[in-house]
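Okay, structure first, notes after.
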Amino acid sequence: MPLPITLDDAKAQCRIPLTDTAENALLQSYVVVAGAAFEQLSKRSFDATGDEALTANELAIAGQWLRLLVAHLYENRQPVLADVRAVAVEVPQTLDFLMDLIRVPSL
């Protein structure tokens, strides 16, 4: 199964006009990276079938997680960003929350 978001979804999340193609390659790479990160962190696969397949609700959650991560990667091109008060900004807690909803528990 393909990822539940497209390049156009990523552009919309990043507020980039669909007609602007200057960053398409970068955004597409972020979509691929986000998909791989999702599969590794959730221990789930977009290609799974049968009982292991993601449900429609899980795909919706995964899609939102992917959009948020792509936007985060696009806006913050360094791993940690320091603001004017020298406070470190990491991956948003929203991503952790959404991942916790569908991650396969570790034994």
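The values are calculated or read from the model by the stated rules, or taken from the named source; none is laboratory data. Everything numeric in this text was worked out from a predicted model, so none of it was measured. As a convention, Cβ positions derive from the backbone with ideal geometry for all residues, glycine included, and neighbour counts pool all protein chains shown. These area figures cover heavy atoms from the full protein model, side chains too; ligands, DNA and RNA do not enter into them. Shrake-Rupley method; radii C 1.70, N 1.55, O 1.52, S 1.80 Å.
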(message) On the basis of being part of a helix (DSSP H, G or I) and open to solvent by 70 Å² or more (accessible area, probe 1.4 Å), does Gln28 make the cut?
(response) yes
(message) For the stretch 1-22, which positions are buried (at least 16 other Cβ atoms within 10 Å of the Cβ) and part of a loop (DSSP other than H, G, I, E, B)?
(response) Leu3, Pro4, Ile5, Cys14, Ile16
(request) Find the residue count for the stretch 39-54, including only residues that are surrounded by 10 or more Cβ atoms within 10 Å (Cβ to Cβ), among the polar types (S, T, N, Q) and under 13 Å from Met1 (Cα atoms). (result) 1
(request) Could you please find all residues in the stretch 69-98 being surrounded by 11 or more Cβ atoms within 10 Å (Cβ to Cβ) and either at pLDDT below 80 or touching a strand residue (DSSP E or B) at 6+ places or on another chain (Cβ under 7 Å) (or both)? (result) Asn76, Leu81, Val89, Glu90, Val91, Pro92, Thr94, Leu95, Asp96, Phe97, Leu98
(request) Just one of (1) at pLDDT 95 or above; (2) assigned to a loop (DSSP other than H, G, I, E, B); (3) hydrophobic (A, V, I, L, M, F, W, C) trips up Leu66, so point out which. (result) (2)
(message) I need every pair where a residue in the stretch 96-107 that is over 14 Å from Ala34 (Cβ atoms) has its Cβ under 7 Å from the Cβ of a residue that is open to solvent by less than 90 Å² (accessible area, probe 1.4 Å) and not in a loop (DSSP other than H, G, I, E, B), sequence separation at least 6 or different chains.
(response) Leu101/Ile61; Ile102/Ser42; Ile102/Glu58; Ile102/Ile61; Ile102/Ala62; Arg103/Leu41; Arg103/Ser42; Val104/Ser42
